Amino acid sequence: MAPSTDAPAPLAGRRIVLGVTGGIAAYKSVEIMRRLQDLGAHVSPILTESATKMIGVKTFEALASEPPKTSLYSDSHPSPHTYLGQNADLILVAPATARILSDLRTGRSDDLLSATLLATEAPVVVAPAMHTEMWNHPATTENVSVLRSRGVTVVGPAVGRLAGGDEGPGRLSEPETIVVAVVQRLASDADLAGLKVLISAGGTREALDPVRYLGNRSTGKQGHALAEAAAARGAEVVLITASPLASHSGIGRINVVSAAEMATAVKAEAATSDIVIMAAAVADFRPVSVAEKKLKKADGTPQITLERTEDILAALGQSKRSGQVLVGFAAETNDVSANAKAKLEKKNADLIVANDVSAPGVGFGHETNAVTIHAADGSQTQVALSEKSQIAHAVLDAALARLGSST
Ligand code: CTP
């Protein structure tokens, strides 16, 4: 099956914090959130106290990618502002009142949104909305100019109808304009544009008979997170997966079941790929023969003889062309570092992403992972327990750093 060639979702895998402040245009933030989600983004809303007077928290509870947050103190996380700020790929404040622009300029942080804006290194986009007099006030003019000089993207405001029947500059820009500004701001991070990234994911299944198989605990979450992250960074992505998890239509997806099918599909795509990431849990053994009919109890307990499958990563290591980056995973329960280094050498990989699957919150089925990325030059990068999308970006950073220099 040929991979689909749709353009990748421009915001696939991107985590956007949507700050909503108490302007009359706060209701439009829902439309903005939906559009961001339609483009593949994960949107975490933060509503200020005044925003909750303009729009219901319940609306965001129903529609956001995760529960909306309204306070520094009511979250289960002890430090929601640092958590949100550090994990965001971008923070959008829409609508942004004169108050939040002033707080951002002076570094005041007395509510969750202002504290999150201070606790982030992610790009910030603001879409101001206020009365014309407030927008034209020298204090606001100066605040906006300082924010621009610090790299904040300011969208609008537009000229038009305002609250209370007034007209003039101060109206929130159209949701589409704001979303385009977000996409453009993040597109400057499209560091994988022009590269083909091949990713395998999921656990293969080796048939015993027409209804039974030998499988493993892999869900494919880490591999699919890698595919989304690579697409969001502008790569042409081919995902060869044994997982039923969904993937965005912009990702070229090839479904496989067995190790042999995965080997055929991966080897066909690898030759033209710049980065190959074997995140799949490929079966090491398969039954020598597959029963044509269902094995019946009446026929006695079957004896199953296994044989080795092909080691796809090792085969790719043999045929690796100069400049291509080959990344493997090592799911271990003991001697993690030593096993990872041995695999790096044995399989001629450039990077091995090692995780201790016996640690809490790590590996198969979890939303989170913690890994050490071992490079062929002996360097190591540790990524502490974090969401699989964050791990994905760290793996892509490491692969990109080696591109062109691998042998
Ligand atoms: N892998 C592969 N083909 C296989 C088995 C594994 O390409 N038949 C790849 C995996 O996708 C992963 C890496 O090899 O990137 C390491 O897989 P792992 O199962 O941890 O290691 P093994 O090679 O099976 O070694 P061991 O049995 O010693 O754990």
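Numbers at a glance
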{"read-out": "Calculated FRET value between residue 146 and residue 184, using beta carbons and R₀ = 25 Å, to 0.05", "value": "0.70"}
{"read-out": "Simple label model, 7 Å out from Cα along Cβ direction - residue 303 to residue 271, nm", "value": "4.3 nm"}
{"read-out": "Beta bridges by DSSP in region 15-187, antiparallel share as percent, to the nearest 5", "value": "20 percent"}
{"read-out": "In region 258-336, the GluC sites (Glu not before Pro) that fall in loop regions by DSSP, at most 11 other Cβ within 10 Å", "value": "292"}
{"read-out": "Dipole axis of the chain (+1 Lys, Arg; -1 Asp, Glu on Cβ), positive-most option in 291, 90, 270", "value": "291"}
{"read-out": "In Hz, Karplus ³J(HN,Hα) per residue of region 389-400 (6.51, -1.76, 1.60; θ = phi - 60°; x = Gly, Pro)", "value": "5, 5, 4, 4, 5, 5, 5, 5, 4, 5, 5, 4"}
{"read-out": "For region 116-190 and region 341-356, distance of Cα centres in Å", "value": "47 Å"}
{"read-out": "Residue 281 long-range amide H proximity, modeled H, under 5 Å", "value": "202, 203, 204"}
{"read-out": "Ellipticity estimate at 222 nm from DSSP helix runs (n ≥ 4, -39,500 (n - 2.57)) divided over the chain, nearest 500", "value": "-9500 deg cm²/dmol"}
{"read-out": "Accessible-area composition of region 235-350, carbon plus sulfur, in percent [1.4 Å probe]", "value": "51 percent"}
{"read-out": "Length-normalised contact order for region 15-187 - Cα pairs under 8 Å, 6+ apart - percent", "value": "22 percent"}
{"read-out": "Percentage relative contact order, the chain, counting C-alpha pairs under 8 Å, at least six apart", "value": "13 percent"}
{"read-out": "Extension gain (nm, one decimal) between residue 245 and residue 74, 0.36 nm per residue minus Cα-Cα", "value": "58.3 nm"}
{"read-out": "Alpha-carbon spread of region 161-271, three principal axes, descending order, Å", "value": "74, 32, 17"}
{"read-out": "Solvent-accessible heavy-atom area per residue, rounded to whole Å², over the chain at 1.4 Å", "value": "46 Å²"}
{"read-out": "Within region 180-226, trypsin sites (Lys or Arg not before Pro) in DSSP loop having at most 12 other beta-carbon neighbours inside 10 Å", "value": "217"}
{"read-out": "Region 196-402: relative contact order in percent, alpha carbon pairs under 8 Å with at least 6 residues between", "value": "20 percent"}
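The values are calculated or read from the model by the stated rules, or taken from the named source; none is laboratory data. Since we're looking at a predicted model, the values are computed, not measured. Reconstructed Cβ throughout: ideal geometry from the backbone, glycine too, with neighbour counts over all protein chains shown. What goes into the accessible areas is simple: the full protein's heavy atoms, side chains included, and nothing from ligands, DNA or RNA. Shrake-Rupley method; radii C 1.70, N 1.55, O 1.52, S 1.80 Å.
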